[in-house]
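Asks: Take this structure first; my questions come after.
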Amino acid sequence: MTSAARNKIAEESAPRAPGAGFLKSFGSAEMAAPFDLFLAALVTALIGFGVVMVYSASTVEATVRHHDPQYFLLRHGLFAIAALAVMHAASFFDYHHLYRLTYPLLVGVIVLLTLCVIGFGHSGGGATRWLAIGPIHIQPAEPAKLALVIWLAYSLSKKAEQVKSFKIGFLPHLIVAGFLVALCMKQPDFGSAVVLVFLTFTLLFVAGAKIGYILGASIVGLALAFAAIRFRAYRYERFLAWLNIEQNRFGSGYQPYQAVMSFGSGELTGLGLGQGLQTLYLPGAHTDFIAATIGEELGFIGIVVLCAAYLMLVVRGVRIALRSSDDFGAYLAFGISTLFAVQVLMNLAVALAVVPTKGLTLPFISFGGSSLLVNAAAAGILLNISRQPAAREVMS
């Protein structure tokens, strides 16, 4: 299908006037079409598995800190139920309506990120990444990732062949992404900043931007990342500790060292659910380092099965993108698939001490409402794209 034909379908599918057909996107005949049941079942299974692993990994900390072994289980269970509801609702929401919502969503996350860095953020672990609304804590960097994907899909689908132009097709996307990255770095949230950069370059590459522009920007980005590490004391200390974890196992290298110990003690088949001992020593065992707990309790086999599940998730998302009926849906599906893939790879790399420690959750599994709900919404959007006629051809 040519780009012109795909965009024509998008224009015909999109509502003609603000508010027209907005509510009809829930429950119309087209939206009642079957979606990718395999993808829905896979995401549901990952969320359910996450509830089990959060309980197994958090019992010790919940007992010591909150005198209730089910403290994190109950909260994550509520997040899981809400996530399933969000995914279901998003799967019935015609993704073409996101065309109109692109800028409100982008401006909204910019406002939330800005509030974090100007003094309204809630501090934890040396960073100001959360906004506290009563008992609820929101991490704006999570919706920022999805908002950037939606904006990039919107912009790239409009520019078509102009994406090869530096001034029109490349620079504006770099500026918007760079602004979001700067806000994340100000918190600081180095991990989310890296994810935003990966998302931007991947979608630019898929859209057909000139490789020279992407390589040039990547070199500049690497130089800036090196400066951000070298000239920020705690990052540089963490980097040096990562280079020699064994010698720093009681200092800055404590967390990655304990994580590697968890993987090693699990061997081939693991110690069994709830039998892991490293949860006594590993900080973040139910959040950023939950993969280490999985490795200890379910072993190498458990990690391989988990990686296979994520691989199927990404592959299914890419198939949906390739069969999308318009460019906007294609870029949106590619971006969401990339979002899942990058976060999984970075989380596992950190847990295995392949890269220095960064604060990134394992999608659908780690404890944390913001991450779980945003990823569920992203999965729901993928399901909705799969409902479209061209996407359904490959699902049948």
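Asks: With respect to Ile294, determine if the residue is farther than 30 Å from Ile133 by Cα, in contact with a helix residue (DSSP H, G or I) (Cβ under 7 Å, 6 or more places away or on another chain), at pLDDT 95 or above and among the β-branched types (Val, Ile, Thr).
Replies: On the way: farther than 30 Å from Ile133 by Cα: yes; in contact with a helix residue (DSSP H, G or I) (Cβ under 7 Å, 6 or more places away or on another chain): yes; at pLDDT 95 or above: yes; among the β-branched types (Val, Ile, Thr): yes.
In short, yes.
Asks: While we're looking at this one, here's another question. Among the residues of the range 119-136, are any surrounded by fewer than 18 Cβ atoms within 10 Å (Cβ to Cβ) and assigned to a helix (DSSP H, G or I)?
Replies: The answer is yes, given that some residue of the range 119-136 is surrounded by fewer than 18 Cβ atoms within 10 Å (Cβ to Cβ) and assigned to a helix (DSSP H, G or I).
Asks: Could you list all residues from the range 215-228 that are touching a residue at least 24 places away in the same chain (Cβ under 8 Å) and either touching a Leu at 6+ places or on another chain (Cβ under 8 Å) or exposed (fewer than 15 other Cβ atoms within 10 Å of the Cβ) (or both)?
Replies: Initial filter on the range 215-228 (touching a residue at least 24 places away in the same chain (Cβ under 8 Å)): 217, 221, 225, 228.
Selection gives Ala217 alone.
Asks: When Phe334 is evaluated against the numbered criteria (1) within 12 Å of the chain's Cα centre (by Cα); (2) surrounded by 22 or more Cβ atoms within 10 Å (Cβ to Cβ); (3) assigned to a helix (DSSP H, G or I); (4) touching a residue at least 60 places away in the same chain (Cβ under 8 Å), which criterion, by number, is the only one it fails?
Replies: Failed condition: (1).
Asks: Check the range 247-259 and report whether any residue there is touching a Gly at 6+ places or on another chain (Cβ under 9 Å), at pLDDT 90 or above and on the phi > 0 side of the Ramachandran plot.
Replies: No, because not a single residue in the range 247-259 is touching a Gly at 6+ places or on another chain (Cβ under 9 Å), at pLDDT 90 or above and on the phi > 0 side of the Ramachandran plot.
Asks: Considering only the range 137-158, state which residues are surrounded by fewer than 18 Cβ atoms within 10 Å (Cβ to Cβ) and either part of a helix (DSSP H, G or I) or in contact with a Lys or Arg (Cβ under 6 Å, 6 or more places away or on another chain) (or both).
Replies: If the condition is that a residue be surrounded by fewer than 18 Cβ atoms within 10 Å (Cβ to Cβ) and either part of a helix (DSSP H, G or I) or in contact with a Lys or Arg (Cβ under 6 Å, 6 or more places away or on another chain) (or both), then Lys158 is the only one that fits.
Asks: Are there any pairs, at least 6 apart or on different chains, whose C-beta atoms fall under 7 Å, with the first in the range 62-90 and over 27 Å from Ala377 (Cβ atoms) and the second assigned to a helix (DSSP H, G or I) and β-branched (Val, Ile, Thr), and if so, which?
Replies: Close Cβ pairs (under 7 Å, with a partner that is assigned to a helix (DSSP H, G or I) and β-branched (Val, Ile, Thr)) amount to Pro69/Thr59; Pro69/Thr63.
Asks: Consider the range 277-312. How many of its residues are outside any helix (DSSP H, G or I) and among the aromatic types (Phe, Trp, Tyr)?
Replies: 2
Asks: While we're looking at this one, here's another question. Find all pairs meeting these conditions: Cβ atoms under 6 angstrom apart; at least six residues apart or on different chains; first residue within the range 287-300 and at positive phi; second residue in a loop (DSSP other than H, G, I, E, B) and modelled with pLDDT under 95.
Replies: Partner pairs satisfying both residue conditions: Gly299/Glu267; Gly299/Leu268; Gly299/Thr269; Gly299/Gly270.
Asks: Of the conditions (1) surrounded by 15 or more Cβ atoms within 10 Å (Cβ to Cβ); (2) within 22 Å of Ile381 (Cα to Cα), Ala45 clears all except one; give me its number.
Replies: For Ala45, the exception is condition (1).
Asks: Quick check, is Ile301 modelled with pLDDT of 95 or more, surrounded by fewer than 23 Cβ atoms within 10 Å (Cβ to Cβ) and not aromatic (Phe, Trp, Tyr)? Before the answer, list the steps.
Replies: Working: modelled with pLDDT of 95 or more: yes; surrounded by fewer than 23 Cβ atoms within 10 Å (Cβ to Cβ): yes; not aromatic (Phe, Trp, Tyr): yes.
Considered against the rule, which asks whether it is modelled with pLDDT of 95 or more, surrounded by fewer than 23 Cβ atoms within 10 Å (Cβ to Cβ) and not aromatic (Phe, Trp, Tyr), Ile301 comes out as yes.
Asks: Sort through Leu39, Leu46, Leu112, Leu84 and tell me the only one that's part of a helix (DSSP H, G or I), under 30 Å from Lys158 (Cα atoms) and at pLDDT 95 or above. Step through it out loud before you land on a result.
Replies: Working: Leu46 fails: under 30 Å from Lys158 (Cα atoms); Leu112 fails: at pLDDT 95 or above; Leu84 fails: under 30 Å from Lys158 (Cα atoms).
Step by step, each of Leu39, Leu46, Leu112, Leu84 is checked, and only Leu39 is part of a helix (DSSP H, G or I), under 30 Å from Lys158 (Cα atoms) and at pLDDT 95 or above.
The values are calculated or read from the model by the stated rules, or taken from the named source; none is laboratory data. Not measured: the values here are computed from a predicted model. For neighbour counting, all protein chains shown are included, and Cβ atoms are generated from backbone atoms with ideal geometry for every residue, glycine included.
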